[in-house]
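Student: Pasting a structure below so you can have a look.
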Amino acid sequence: MNVKFGVVTFPGSNCDFDAYYAVKEVLGNKAEQLWHKENDLKNSDVIILPGGFSYGDYLRTGAIARFSPILESVIEFADKGGIVIGICNGFQILLEAGLLPGVMLRNESLKFICKDVHLSVQTRNNIFTKDIKQDIIKIPMKHGEGNYFADEETLKELNKNDQIVFKYCSPDGEIDGRFNPNGSQQNIAGIINKKKNILGMMPHPENACDPILRKTDGSFIFKSVVQSLLN
């Protein structure tokens, strides 16, 4: 059995082929590109909402993409326990769709930031990090609105329910404001829902899969999902 990834393309997506290439050509899984106007997820086992600037980021990041026809199918898929990964703009779309709690604000610096960042793996109690052996992974980020914000009650719930998956940290794993690139609350870089089948993260694991780039830490997330689904 092979795991099949469905990668959604919205107008303005620019990391969709990167994700498709990573999971199919580099990691050897089945993959299908899905158009935003479609409703058919084509029997995908995992849905990826990729990075980019869906619909030009008009109104708010992810605000228009949330009403794409395919999102109806993605929401139904997720509600039934289907695995969904939202990366960067995909994370923003998940927030707008109400599949994950919180919102995204402009980076604290008000600048677009593009660089490699270190992430502390906060929990392995989910399909996305279950098989990650390292406590710290290094992958790229590239966004202007990745400043995660939620009210105090939501933050308490995220911590209580083990929903914070990744936090920005130092190369040695220290979690501190000095290593927070965008001002995100509690250094949050990625979260999951209570059912633990939906992951939203701002950094780009698909851009750290190919050994030719000398970056492979991102592959651990996709491999963990595949291993969990096959076991």
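Student: If you go through the stretch 119-142 one residue at a time, do you hit one that is among the hydroxyl-bearing types (Ser, Thr, Tyr), outside any strand (DSSP E or B) and within 18 Å of Ile83 (Cβ to Cβ)?
Tutor: For the stretch 119-142, residues among the hydroxyl-bearing types (Ser, Thr, Tyr), outside any strand (DSSP E or B) and within 18 Å of Ile83 (Cβ to Cβ): present.
Student: Please indicate, with yes or no, whether at least one residue in the stretch 105-118 is among the acidic types (Asp, Glu), at pLDDT 95 or above and part of a strand (DSSP E or B).
Tutor: Yes, the stretch 105-118 contains at least one residue that is among the acidic types (Asp, Glu), at pLDDT 95 or above and part of a strand (DSSP E or B).
Student: Is there a residue in the stretch 7-16 that is aromatic (Phe, Trp, Tyr) and without any contact (Cβ under 8 Å) to a residue 12 or more places away in the chain?
Tutor: Checked against the condition, which is being aromatic (Phe, Trp, Tyr) and without any contact (Cβ under 8 Å) to a residue 12 or more places away in the chain, the stretch 7-16 yields no hits at all.
Student: Looking only at the stretch 212-226, which residues are part of a helix (DSSP H, G or I) and either within 13 Å of the chain's Cα centre (by Cα) or in contact (Cβ under 8 Å) with a residue 40 or more places away in the chain (or both)?
Tutor: Correct list: Ser219, Phe220, Ile221, Phe222, Lys223, Ser224, Val225, Val226.
Student: Being in a helix (DSSP H, G or I), crowded, with 18+ Cβ neighbours inside 10 Å, acidic (Asp, Glu) and at pLDDT 95 or above is the filter here; which residues of the stretch 13-65 pass it?
Tutor: Asp16, Asp18
Student: Looking at this structure, is Ile93 touching a residue at least 24 places away in the same chain (Cβ under 8 Å), surrounded by 22 or more Cβ atoms within 10 Å (Cβ to Cβ) and either among the aliphatic types (A, V, I, L, M) or over 17 Å from Pro181 (Cβ atoms) (or both)?
Tutor: Answer is yes for this residue.
The values are calculated or read from the model by the stated rules, or taken from the named source; none is laboratory data. Computed from a predicted model, the values in this text were never measured in an experiment. When we count neighbours, we look across all protein chains shown, and the Cβ atoms used for this are built from the backbone with ideal geometry, even at glycine.
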